[in-house]
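Worksheet: the structure to be examined is printed underneath.
Each reported figure results from applying straightforward, stated rules to the coordinates on display, with no laboratory input. These numbers come from a predicted model, not from an experiment. With ideal geometry, Cβ positions are generated from the backbone for all residues, glycine too; neighbour counts draw on all protein chains shown.
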Amino acid sequence: MPLPVKLSVLDILPVPSGSQPSQVLARSRDLAQLADRVGYERIWYAEHHGMETIAATAPDLMIAHVAPVTERIRLGAGGVMIPNHAPLQVVERYRTLEALHPGRIDLGIGRAPGTDPLTSQALRAVPGQYTAELIAELMAFAHDAFPEDHPFGRIRVVPGDVPMPPIWLLGSSGGSARMAGELGRGYAFAAHFSPAPAAPAIETYRESFVPSTDFPEPRVILGLAVVCAETQDEARELSSSIEIHFKRIRSGERGPLPSPSEARDLGWSADAPLEGPMAGLLVAGTPESVGDEIETRAREAGADEVMVATIVHDPAARLRSYELLGSVMG
């Protein structure tokens, strides 16, 4: 039975041990083309900085890179970390992408910098401004909504003859939920790395939602970490890489994404379940079991769509995971 929710892809461009970020970037089109062909709704690119396991630093460049080799799939940022950017420049860049690829672009906005404090300081585009102020400024530039006496109201946003792509707010603990609802935006909850329950934040979003032109009704994406394989044992083996990755996040350690054999050397065991707040994040198994679990989590959270992040060491196994999961979409 096909899933009752749409499926999408979140690509953080994971860097396996033994590989370089440039190699990951060079093969990034493979996943976009597969997702386009199989029938995923959209593919978003993350923004992280200073992390040796993640090559995703520039979502707008990734969108421009894959757009010419895909046909129908929506392409977006998941997301632009607004503390690192001048709002006017974000609006310019995503209107430019919309002009080049009409009807296929999404803009997800994150409130966090997506990096450590020192790197964040080096990236900060507008020192001293609060995140809420940056988002309000971005929305004003995007929809020509500055008050008459505001000096920025005289600025012409170019290109000005194309609409702004749909704007989504991202959240990992519920802080963005009310803001997304009050602004009439879409809401994406990052349950692929946040141990906080998604349902309360999504309920807050729906309760506070005010309809807008882009979103006449509330719209929720649930991010999930997923590993799919032909057998449960193979999925468990592949998931060793992301389980070590989760443990490192929790302990503040760094290191490349390990292979299953390297994970065993680091203490991973198929007989030892993942512990701590990250234990319930990963969905791993066959297409049927993963599909059932995705449906359950989406229903319990109240999500309309699920965005899948698959982090495994072998690039071919990663593509195969998305391909297998696509078989349950209908």
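Structural remarks
- Dividing the Cα radius of gyration of the chain by its Kirkwood radius returns 0.96 for Rg/Rh.
- Applying Stokes-Einstein at 20 °C and 1.002 mPa s to the Kirkwood radius of the stretch 202-330, computed over alpha-carbon pairs, gives a translational diffusion coefficient of 134 µm² s⁻¹.
- Value at 222 nm in deg cm²/dmol, rounded to 500, when DSSP H runs of n ≥ 4 in the chain each add -39,500 (n - 2.57): -11500 deg cm²/dmol
- Length-normalised contact order for the chain - Cα pairs under 8 Å, 6+ apart - percent: 21
- Model label sites at His65 and Glu182, defined 7 Å from Cα along the beta-carbon direction, differ in position by 3.7 nm.
- The residue among Ile63, Leu325, Cys228 whose Cα reaches farthest toward the positive pole of the charge dipole of the chain, with charges on the beta-carbon of Lys, Arg, Asp and Glu, is Ile63.
- Loop-located GluC sites (Glu not before Pro) in the stretch 75-160 whose Cβ has at most 10 other Cβ within 10 Å (DSSP): Glu148
- Mean projection area, nm², convex hull over Cα of the stretch 146-282: 12.8
- Cα centre as origin, Lys/Arg/Asp/Glu Cβ charges: the chain dipole, Debye: 540
- Of the GluC sites (Glu not before Pro) in the stretch 1-55, the ones in a loop by DSSP (not H, G, I, E or B) with at most 13 other beta carbons within 10 Å are Glu52.
- Among the DSSP helices (H) of the chain, those spanning at least 15 angstrom by Cα along their long axis with an average Kyte-Doolittle hydropathy of 0.0 or more are 131-143; this is a geometric and hydropathy rule only.
- Peptides 173-180, 223-230 ranked from most to least packed, by the mean per-residue count of other Cβ atoms within 10 Å: 223-230, 173-180.
- Residue-count net charge about Leu10 - beta-carbon cut-off 13 Å; Lys, Arg +1, Asp, Glu -1: -2
- With a Förster radius of 22 Å applied to the C-beta separation of Ala122 and Arg248, the computed FRET efficiency comes to 0.45.
- Kirkwood-based shape ratio for the stretch 8-95, expressed as Rg/Rh from alpha carbons: 0.97
- The stretch 109-264: relative contact order in percent, alpha carbon pairs under 8 Å with at least 6 residues between: 15
- On full extension, the segment bounded by Thr296 and Ser22 gains 94.9 nm, given 0.36 nm per residue less the C-alpha separation.
- The stretch 287-326, Cα convex hull volume normalised per residue, Å³: 68
- Separation between Cα centres of the stretch 102-167 and the stretch 296-323, rounded to whole Å: 29
- Cβ charges +1 (Lys, Arg) and -1 (Asp, Glu), total dipole of the stretch 146-226, debye: 200
- Residues of the stretch 221-262 with amide N under 16 Å of a point placed 7 Å along Cα→Cβ from Ala279: 243-244, 246-247, 250
- Distance between modelled label sites at Asp265 and Asp30, nm, 7 Å Cα→Cβ extension: 2.3
- Remark: spin-label model distance Leu100-Ser327 equals 3.6 nm, labels positioned 7 Å along the Cα→Cβ axis.
- The stretch 167-182 - phi-based ³J(HN,Hα) in whole Hz, Karplus 6.51/-1.76/1.60, Gly and Pro as x: 9, 10, 9, 9, x, 10, 8, x, x, 8, 4, 5, 4, 4, x, 5
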